[in-house]
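Working notes, structure below.
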Amino acid sequence: MLKRIIALTLLLLPATLVFAQPASVLPEPVARALAQAGIPESAVGVYVHEIGADQPVLSIGAERALNPASTMKLVTTYAGLELLGPAFVWNTDVLTDGTLTQDVLNGNLYIKGAGDPKLTVESFWLLLRNLRARGIREIRGDLILDRRLFAEEVQDPGAFDDQPTRPYNTGPSALLVNFKAVTLQFIPDAATRTVRITVEPPLPQVQIINNLKIADGPCGDWVGKLRLDAQGNADSARLAFNGTYALDCGEGIRSFSVLGHRQYVGALFTQFWKDLGGAFNGQVRDGATPDQARRLTTARSLSLSEIVRDVNKYSNNVMARQLFLSLGMNNGAQATTTTAATGVKQWLALKGLAVPELVLENGSGLSRIERISARNLGAVLLNAYASPVMPELMASLPVAAVDGTLRKRLKSAEVAGQAHVKTGSLSGVRSIAGYVLDAQGNRSVIVFLVNHTNAFNAQAAQDALMAWAHNRDSSACCGRQDRKRQAKK
């Protein structure tokens, strides 16, 4: 009996002595990569915590409140999955207060937005086709867009990075259609030495001026060579291309957001309704849906479990902002960024997660002021791992060397396919946060936030941390609860 007690004591002693406190020195490959990138340790927050362990494996600068860039989407999507549920859908209703005589609707048509993050152009066309199939051909009234569910907040699409035509800068709307974007395809023709530009959807309000010249040689920065001159307002836009396009580029695709929300939906409705054989000569305006209006048809969104895959795997800022605002709805009251932030913070508090440094502006990470520490972002991920919605959240994260924003990273590393990690990138910010499976089959939460002018060089260091988390020896890690139980047997 004495020998057994001694043996058990020796088994437990190393874990107690060595891992009572987390390591405060970066793994050598990570430290070396940071040094080569010109990034001091004072500009980072690193946190690694094995699931089920009492203490983190690694904690360096983890208390610093840093800009997390798009890894903030983890907070938003986890909150959404828990508060709304994985099966939650947004219903965009079409209603009327008029009467139908044969195929003529005498009265107004209302489209009531519910905040659908992904009401695509195809979904919108199907919605109108269903409306047409109900026997309506001519609309003798106005088209009223009910966008009241989200408060109309002043937004400057160029304020963030002086790129007002980029779709990722599109502001949220309760009736957001196709991210308010038009997609241009550049098709070079070697025989005629010309470049054709096609537009989808083709809206008369968006004029394309094609002065592009074919060039030989390597493709290079083909977008910069287009020399775009964008002019216009919420009602109409003119995109003029005056540069060159290299044959070596092949076909290129670029999307632009150039119209206002009301103008875009109105233009799309008018064009599609005409294509479907319908007639409409009324006005398009914002307004409220009358209580007595009857529903004609509905467009149901994808489920939230599907939505969060797009948000996290491809870091879709517009969809994240739509989801964030949906968390601010309360008994039909208008959602604002303030009510959304309050809702998320209250949810965290109810879960026992104290995050005093948390700053939420839009929940997408496309912000200069959003803040969270590596430790508390890690705490959110640890909490999520024990949540019923863990499978949906983890499945939404990019997989190293497989898909999403990690598709081209760590291809030849052993951690390829073993890490579900969200990435983030802004000027002066690089971040990763998620889960890494190690060689022994144990999973760890990993967070690495970098805020520095040289942050764009941080990828090698972050890749090195993911590789280290996968390859490290976790056999005596951190006082894991399961190993304690095994030692007591």
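The values are calculated or read from the model by the stated rules, or taken from the named source; none is laboratory data. In this text the structure is predicted, and so the values were computed from the model without any measurement. Please note: Cβ atoms are built from the backbone with ideal geometry, for glycine as well, and neighbour counts cover all protein chains shown.
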State whether the residues of segment 41-61 include one that is touching a strand residue (DSSP E or B) at 6+ places or on another chain (Cβ under 7 Å), at positive phi and buried (at least 16 other Cβ atoms within 10 Å of the Cβ). yes
Pairs returned, first residue in segment 253-268 that is among the basic types (Lys, Arg), second residue that is in a helix (DSSP H, G or I), beta-carbon separation under 8 angstrom, 6 or more apart or interchain, are Arg254/Val223
Please list, ordered by residue number, the strands (runs of 3 or more DSSP E) wholly in segment 216-267 having 1 or more residues that are at pLDDT 95 or above and surrounded by 20 or more Cβ atoms within 10 Å (Cβ to Cβ). 237-241, 244-246, 252-256
Pick from Gly424, Gly363: which is in contact (Cβ under 8 Å) with a residue 60 or more places away in the chain, assigned by TED's automatic domain parsing to the domain that holds Phe324 and on the phi > 0 side of the Ramachandran plot? Gly363
Find all pairs meeting these conditions: Cβ atoms under 6 angstrom apart; at least six residues apart or on different chains; first residue within segment 203-222 and over 30 Å from Ala267 (Cβ atoms); second residue loosely packed, with under 14 Cβ neighbours inside 10 Å. Ile214/Arg193; Pro218/Asp248; Cys219/Asp248
Extreme residue, nearest to Leu119 (Cα to Cα), among residues of segment 170-186 that are among the polar types (S, T, N, Q) and in contact with a helix residue (DSSP H, G or I) (Cβ under 8 Å, 6 or more places away or on another chain): Asn178
Among (1) modelled with pLDDT of 95 or more; (2) among the acidic types (Asp, Glu); (3) surrounded by fewer than 21 Cβ atoms within 10 Å (Cβ to Cβ), which single condition is Asp482 missing? (1)
When you check Gly80 against the structure, is it assigned by TED's automatic domain parsing to the domain that holds Met319 and at negative phi, yes or no? yes
Residue count, segment 295-314, condition of a type in the set (A, V, I, L, M, F, W, C) and under 13 Å from Thr77 (Cβ atoms), comes to 4
Mind listing just one residue for me: the one in segment 163-212 that is in a strand (DSSP E or B), among the aliphatic types (A, V, I, L, M) and under 28 Å from Asp93 (Cβ atoms) and, of those, nearest to the chain's Cα centre (by Cα)? Val177
Condition set in contact with a helix residue (DSSP H, G or I) (Cβ under 6 Å, 6 or more places away or on another chain), in a loop (DSSP other than H, G, I, E, B) and not hydrophobic (A, V, I, L, M, F, W, C), scope segment 315-347, selection nearest to Trp125 (Cα to Cα): answer is Asn316
One residue is enough: does segment 358-369 have a residue meeting the conditions crowded, with 24+ Cβ neighbours inside 10 Å, touching a helix residue (DSSP H, G or I) at 6+ places or on another chain (Cβ under 7 Å) and more than 30 Å from Gly85 (Cα to Cα)? no
Among the residues of segment 288-310, the number that are hydroxyl-bearing (Ser, Thr, Tyr) and outside any strand (DSSP E or B) is 4
Candidate set from segment 402-421 (those that are without any contact (Cβ under 8 Å) to a residue 40 or more places away in the chain and under 19 Å from the mean Cα position of the chain (by Cα)); member that is farthest from Pro68 (Cα to Cα): Val402
Test Val89 against the criterion of being among the aliphatic types (A, V, I, L, M), part of a loop (DSSP other than H, G, I, E, B) and without any contact (Cβ under 8 Å) to a residue 12 or more places away in the chain, and give yes or no. no
Residue list for segment 186-207, filter: surrounded by fewer than 16 Cβ atoms within 10 Å (Cβ to Cβ) and aliphatic (A, V, I, L, M): Ile187, Ala190, Ala191, Val199
Lone qualifier among Gly378, Gly363 - being within 20 Å of Asn317 (Cβ to Cβ) and of a type in the set (Gly, Ala, Ser): Gly363
Candidate set from segment 453-478 (those that are surrounded by fewer than 18 Cβ atoms within 10 Å (Cβ to Cβ) and at pLDDT below 90); member that is nearest to Pro40 (Cα to Cα): Asp473
